[in-house]
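Coordinate-derived values only; no laboratory data. Since the model is a prediction, treat every value here as computed from it, not as a measurement. Backbone-built Cβ (ideal geometry, glycine too); neighbour counts: all protein chains shown.
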Amino acid sequence: MTTSNMAQQLREAKHVVVFTGAGASAESGIPTFRDALTGLWERFDPAHLATPQAFRADPSLCWGWYEWRRLKVIQAQPNGAHLAIAELANRVPKLTVVTQNVDDLHERAGSRDVIHLHGSLHSPRCIDCGQAHTLPLPTDALPEDGRRIEPPRCSACNGYVRPGVVWFGEMLPEDAWSAGLAAAQKCDVFLSIGTSGIVYPAAELPLRALGHGATVVHINPVRFDISGQEHFLEGPASVMMQSLLRETFGDHPIS
Ligand code: OAD
């Protein structure tokens, strides 16, 4: 498939779902999950830090990693893919953004009602009683070695505050999952952007969309195996989304 074949489908679409993974934020400088970590974190595997067990075993190490990620997100800007997705919502009758990302770059690009399947770096809560916690900006809290940070304590029960993200082995938030699933099953075009598609249940969404007759298109610079009914646009998210928008609606790129 080319962006011009896709343009026709988009012009006729009544409901578009944009499903994003870490690759959609990669061009904003946020490392993906399968990228080797660099610098202070090079010895750690993200999959081992993103678990309830990791937090219980070493709260300061786990919290320090999430604060480092939160700082990176605060310093980052939405890229051309986030902006094109927000613009696409103005051009089609209905568009739903469903993301696996825990950053807020879709919202900062102008997307509304974003469904966050894996929670958010910006909504920490008590690990014991669940009370929401407000965090200051992380810059002045980062210690010199940038690594371990003692998590704050809950003002209600003195439990540790944990990141508001979904960890491996945890359930997805029920309302986000049912909204994502409903959108996937009702849309006519499903764009899956920058995800390795290996983490379930999120990775089920493109299959559900396909099962309900949607055109499913994967956008990724690294080709992977897909079924004969799905489509692939090979390239970075920002380039492909900007060119898709241009082909479909014939105007200038968004920056
Ligand atoms: P991954 O890190 O698994 O995959 C990122 C994907 O983005 C890969 O397929 C890359 O090829 C692709 N990519 C890299 N640069 C890109 C670019 N410029 N444009 C488009 N794509 C690009 O991230 P996710 O699929 O999001 O879960 O991972 C899914 C979940 O696993 C995450 O939400 C997280 C993780 O562990 C939890 O924390 C529960």
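For this structure, a couple of remarks:
- DSSP-defined antiparallel bridges as percent of all bridges, the stretch 112-255, nearest 5: 40 percent
- Simple point charges give the picture: +1 on the Cβ of Lys and Arg, -1 on the Cβ of Asp and Glu, and for the chain a dipole about the Cα centre of about 240 debye.
- Rounded to the nearest 20 debye, the dipole magnitude of the stretch 85-223 is 320 debye, with +1 charges on Lys and Arg beta carbons, -1 on Asp and Glu beta carbons, and the Cα centre as origin.
- Relative contact order (percent, whole number), the stretch 55-109, Cα cutoff 8 Å, 6+ residue spacing: 41 percent
- Here the peptides 125-132, 199-206 are ranked by packing, the mean other Cβ count within 10 Å, and the order with the highest first is 199-206, 125-132.
- Here residue 14 is the anchor, and the lysines within straight C-alpha reach of less than 18 Å, apart from those fewer than 8 places off in the same chain, are 94, 186.
- Spin-label model, residue 225/residue 198: points 7 Å from Cα along the beta carbon direction are separated by 1.4 nm.
- Anisotropy class of the stretch 168-231 from Cα gyration tensor, a/c 1.5 cut: oblate
- Normalising the average separation of contacting C-alpha pairs (under 8 angstrom, six or more residues apart) by the number of residues puts the relative contact order of the stretch 62-159 at 33 percent.
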